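The values are calculated or read from the model by the stated rules, or taken from the named source; none is laboratory data. Since the model is a prediction, treat every value here as computed from it, not as a measurement. All Cβ positions, even for glycine, are placed from backbone atoms using ideal geometry, and neighbour counts span all protein chains on display.
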Amino acid sequence: MKYLHLGKGTLVRDDEVLGIFDLDITSQSHLTRKFLSMADKAGKVVNAAEDIPKSFVLCEAKGRTRVYLSQMASATLLKRAEERTQVTE
């Protein structure tokens, strides 16, 4: 099974990732801010950042949506996802 490390010991399966987004760019849109606010109120946001988050990762598993906040840049996460690093359990 392949995983993507988001920071703070948080791993997600790479086949659950729907998108990786830069917070600085996407938070300029009122729609993104509204989406993140609604996700937070619904308890769907997981903070995987030890510092100020730079990106968020939208995931879906078994019909459940999760938004992971990460302190890593979206470009870094994308590179990791493309490398498809395999982590064994």
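Kindly provide the set of residues from the range 44-67 that are closer than 21 Å to Asp24 by Cβ and part of a loop (DSSP other than H, G, I, E, B), ordered by number. Ala48, Ala49, Glu50, Asp51, Ile52, Pro53, Lys54 - these are the residues of the range 44-67 that are closer than 21 Å to Asp24 by Cβ and part of a loop (DSSP other than H, G, I, E, B). Identify all residues within the range 1-19 that are more than 20 Å from Ala75 (Cβ to Cβ) and of a type in the set (A, V, I, L, M, F, W, C); write none if there are none. Met1 - this is the single residue of the range 1-19 that is more than 20 Å from Ala75 (Cβ to Cβ) and of a type in the set (A, V, I, L, M, F, W, C).
Can you tell me which residue within the range 20-43, out of those that are touching a strand residue (DSSP E or B) at 6+ places or on another chain (Cβ under 6 Å) and closer than 12 Å to Ser74 by Cβ, is surrounded by the fewest Cβ atoms within 10 Å (Cβ to Cβ)? Steps first, please.
First, pick out the residues of the range 20-43 that are touching a strand residue (DSSP E or B) at 6+ places or on another chain (Cβ under 6 Å): 20-23, 39.
Those left that are additionally closer than 12 Å to Ser74 by Cβ: 20-23.
Values: Ile20: 23, Phe21: 18, Asp22: 15, Leu23: 19.
The extreme case among them is Asp22.
From the list Val46, Val17, Val67, Val57, the one residue that fits, being β-branched (Val, Ile, Thr), touching a residue at least 60 places away in the same chain (Cβ under 8 Å) and surrounded by 17 or more Cβ atoms within 10 Å (Cβ to Cβ), is Val17.
For residues that are in a helix (DSSP H, G or I) and of a type in the set (S, T, N, Q), scanning just the range 29-43, find the one that is farthest from Ser55 (Cα to Cα).
Applying the first criterion (in a helix (DSSP H, G or I)) to the range 29-43 yields 30-41.
With of a type in the set (S, T, N, Q) added as a condition, the list becomes 32, 37.
On the way: Thr32: 12, Ser37: 15 Å.
The residue in question is Ser37.
Taking the listed residues Ala39, Ala61, the one that is more than 18 Å from Glu82 (Cβ to Cβ) and either at pLDDT below 95 or in contact with an Asp or Glu (Cβ under 6 Å, 6 or more places away or on another chain) (or both) is Ala61, with no other qualifying.
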